[in-house]
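Values in this text are rule-based calculations from the coordinates and carry no lab data. What you see is a predicted model; the values in this text were computed from it and never measured. Note that we place each Cβ from the backbone using ideal geometry, even for glycine, and neighbour counts take in every protein chain shown.
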Amino acid sequence: MIQIFLVFWLISALLIIIDKQLVHLIIHLGIFSMISSVCFFLLAAPDVALAEAVVSVFTTIIFIVCFEKYYSLVDVSVVKDSKGKIWRKLLPIGFCALLAVMFLMFIPDVPASIYLKDKYITMFAEDIGGENAVTAIYLGYRVYDTLFEALMLLVSIAAIIHLSWHEGKAQIEEQGESGMGNYRIASATIRIIVPVLVLFSFYLMVNGHISPGGGFQGGAVIAVLFICRYIIYHLHDVKIDRIIILEKLVFVLIAVVVIYFIFLGAGSWLSLPGEVYLLIMNLLIGVKVACGLLVMFYRFVIYERK
Amino acid sequence: MFNHVGIIEIFAVIVFFLSFYGLITSKNIIKSIASIGIMEIAVIMFFLGIGFFDGMKPPIGANLENAADPLPQALVITTIIIGITICAVNLSMLITLCRQHKAADWDVVEKKSSE
Amino acid sequence: MLLIIGNAIIIAGIAIIIIGIIGIHKHKSFYTRILIAAKIDTVGAITILLGIALKHGLSFFSLKTLLLLLIIVILEPLTSHIIARTAYLSGYQVEAGNIVEEQGFKKIES
């Protein structure tokens, strides 16, 4: 089963590299993300598959905004396909093939270590709680990774705000034909779908410790919800500054909760079950990820468009 | 020759070096950014495939016999979110470059920035 | 009995998808292609999910499958419709065939 999907995966990666027309990149990236999500599911990793599937929506939208900007700024007709010598094309292929073969040869001939796997799988239920081993590991044993991931998100948002071009103020475009502001079918359908999406994201966050899902996936679904709202109604009324302040506050809260529960062991004084800690952390991480992705998206769309 | 390496690892390594080829040979910067994204997913596939055997179950639930290794999955979930932020930072840098030089090809940008 | 009916419906769904893929590659015009792709999205997905729900009988799993079916019935026609409408609004002509080459998102003068 997985071999078939791996072959498709290779073909879609090849399409991204080989295709000469740049616009096709968006569709090929979407296909690639979808197939890799299916492969992750077949590799017994439903959490990773869910995260990849949700995040690929976001990647596609960012690439669409970037392409719109690219074609309005760059004169495409100037660029010509320069013909180089044949060895200049063959040399990188040979180099990469050589590297791949060397890499495969130097993989050591020993089975993968299962010491940590056995330890985590037998101990996580009493150490941290819950039934999902993946959530228990990234919120319990390896909580430093999650903390620095949250910090990384904050830093990258600072980088995007610093880099994006604004000339003092945001360029708010008017509602034109390009938007779907007064388009009945789309807005009526989205009115039916929005409650389902909100419910789904909260289901992912609240059930993160006993089923596939968690803070990252739920937060990304909330961000997708706001993106839908922007695309259909073309509203610019979101205050980016307030989202940034909320994100910083939530980051401090995450750090406080981790210090309180993991380092000081508050769960054992207050005789709280471990599920309470997992629930609080999943909700906080969900809000954090949603704020981060939303700031990125609005920054891209409002400041970079047209 | 490669008997000790599973099929998933072989495919992941091939896709990784394919995207490396795309990164070093592509003329356009957008294609290089997309290649970095593919590279990252190939690394994720390699991590998940290392300890995997047929018939493994997800590490979720009360009965965890014959479950897959949960450690690489936990490490990889954070990687996916970091990957999208890397992509966004790269694209915003690219747009700034486009505004300055009106070009997004490596050769043209290099020529214009050296003038 | 339910198992056999479910399997038969799933096979019918797969057959619909295969016929649709052949149809996509047979026609060259964009609007015909989007019509056939919408058939794959809606009819194929609905039949396969219905077959899965029938196979599992009355259970929580088939309830979840039916919820998924409801969302697909609402959303899939909308996506195809929006793609076709956007193509029409941005000036894509039926006769033009494969005109969009390196022009990207620019408008095509009719």
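Please identify the helices of chain B, taking whole runs of DSSP H, that span at least 20 Å along their own axis as judged from the Cα atoms and have a mean Kyte-Doolittle score of 0.5 or higher.
Details: long enough: B:7-25 (27 Å, 2.36); B:29-49 (30 Å, 2.03); B:70-101 (47 Å, 1.38).
Span-like helices here: B:7-25, B:29-49, B:70-101.
Take every Cα-Cα pair in segment C:2-89 and report what % of them are more than 23 Å apart. Intermediate results must be reported in sequence, preceding the final value.
On the way: 1218 of 3828 pairs.
Counting pairs separated by more than 23 Å, the tail of P(r) holds 32 percent.
Using only Cα atoms, locate the centre of segment A:231-299 and the centre of segment C:1-67, then give the distance between them in Å, rounded to an integer.
For segment A:231-299 versus segment C:1-67, the Cα centre distance is 40 Å.
Using DSSP to define loop residues, name the chymotrypsin sites (Phe, Trp or Tyr not before Pro) in segment A:9-111 whose beta-carbon has at most 15 other beta-carbon atoms within 10 Å. List each step's numbers first, then the result.
Working: sites: A:Trp9, A:Phe32, A:Phe40, A:Phe41, A:Phe58, A:Phe63, A:Phe67, A:Tyr70, A:Tyr71, A:Trp87, A:Phe95, A:Phe103, A:Phe106; in loops: A:Phe106.
Taking segment A:9-111 and a limit of 15 other Cβ atoms within 10 Å, the loop chymotrypsin sites (Phe, Trp or Tyr not before Pro) found are A:Phe106.
Let a ≥ b ≥ c be the square roots of the eigenvalues of the Cα gyration tensor of the protein assembly as shown; is it rounded (a/c under 1.5), or, if not, prolate (a/b larger than b/c) or oblate? Could you put the intermediate results ahead of the total?
Details: a/c = 1.27, a/b = 1.23, b/c = 1.03.
Rounded, because the longest to shortest axis ratio a/c is under 1.5.
With label points built 7 Å along Cα→Cβ from the Cα atoms of C:Ala12 and B:Gln100, find their separation and express it in nm.
Using points 7 Å along Cα→Cβ, the separation is 6.2 nm.
Before rounding to the nearest 500, sum -39500 (n - 2.57) across all DSSP H runs of length at least 4 in chain A and divide by the residue total; then give [θ] at 222 nm in deg cm²/dmol.
On the way: 12 runs with 212 residues, N = 306.
The helix contribution divided over chain A gives -23500 deg cm²/dmol.
In segment A:240-280, how does Rg compare with the Kirkwood Rh, expressed as the Rg/Rh ratio over alpha carbon atoms?
In segment A:240-280, Rg relative to Rh is 1.14.
What's the extension gain from A:Met102 to A:Leu151 if we count 0.36 nm per residue and subtract their Cα-Cα distance? Let's see the in-between values first.
Values: separation 49, 0.36 × 49 = 17.64 nm, distance 3.62 nm.
Length gained, A:Met102 through A:Leu151: 14.0 nm.
Please compute, for peptide A:12-20, the average count of beta-carbon atoms on other protein chains lying within 10 Å of each residue's beta-carbon. Spell out each step's value before the answer.
Values: counts 2, 12, 4, 0, 8, 13, 2, 1, 1.
Mean number of neighbouring Cβ atoms from other chains: 5.
Enumerate the whole-percent occupancy of each 10 Å bin, from 0 to the last occupied one, for all C-alpha pair distances of segment A:211-306.
Percent of Cα pairs in each bin: 15, 39, 27, 14, 5, 0.
Can you put A:Lys288, C:Lys39, A:Lys69 in order of Cβ neighbours within 10 angstrom, beginning with the fewest? Could the numbers behind the result be given before it?
Working: A:Lys288 25, C:Lys39 16, A:Lys69 22.
Sorted ascending by nearby Cβ count, the order is C:Lys39, A:Lys69, A:Lys288.
Hey, with R₀ at 45 Å, roughly what FRET efficiency would C:Leu3 and B:Glu115 work out to, going by the Cβ-Cβ distance, to 0.05? Write down the numbers at each step before the final one.
On the way: r = 73 Å, r/R0 = 1.62.
Computed FRET efficiency for C:Leu3 and B:Glu115 comes out at 0.05.
Using only the Cα atoms, work out Rg/Rh for chain A, with Rh taken as the Kirkwood radius, to two decimals. Intermediate results must be reported in sequence, preceding the final value.
Values: Rg = 22.9 Å, Rh = 22.6 Å.
Here the Rg-to-Rh quotient is 1.01.
What FRET efficiency do you get for A:Lys119 and A:Val198 if R0 is 41 Å and r is their Cβ-Cβ distance, rounded to the nearest 0.05?
Details: r = 38 Å, r/R0 = 0.94.
The formula returns an efficiency of 0.60 here.
Taking 0.36 nm per intervening residue step and subtracting the Cα-Cα distance, what contour gain separates A:Asp75 from A:Lys20 on full extension? Walk me through the numbers on the way to the answer.
Details: separation 55, 0.36 × 55 = 19.80 nm, distance 1.66 nm.
Answer, rounded to one decimal: 18.1 nm.
If I model a spin label as a point 7 Å beyond the Cα along the Cα-Cβ vector, how far apart are those points for C:Arg33 and A:Asp109 in nm?
Label-label distance for C:Arg33 and A:Asp109, simple model: 5.0 nm.
Using the basic label-point model (7 angstrom from Cα toward the beta carbon), what is the C:Leu75 to A:Ile93 distance in nanometres?
If labels sit at C:Leu75 and A:Ile93, their model points lie 4.1 nm apart.
Report the FRET efficiency, 1/(1 + (r/R0)^6), for A:Ile231 and B:Asp54, where r is their Cβ-Cβ distance and R0 is 45 Å, rounded to 0.05. List each step's numbers first, then the result.
Details: r = 42 Å, r/R0 = 0.93.
Rounded to the nearest 0.05, the efficiency is 0.60.
For segment A:54-159, what class follows from the C-alpha gyration tensor (a ≥ b ≥ c being the square roots of its eigenvalues): rounded when a/c is under 1.5, otherwise prolate if a/b is larger than b/c, else oblate?
Values: a/c = 3.84, a/b = 1.50, b/c = 2.57.
Cα axes put segment A:54-159 in the oblate bin.
Quick one: Debye curve from the alpha-carbon atoms of chain B only, equal weights, vacuum; give me log10 I(q)/I(0) at q = 0.19 Å⁻¹ to two decimals.
-1.02
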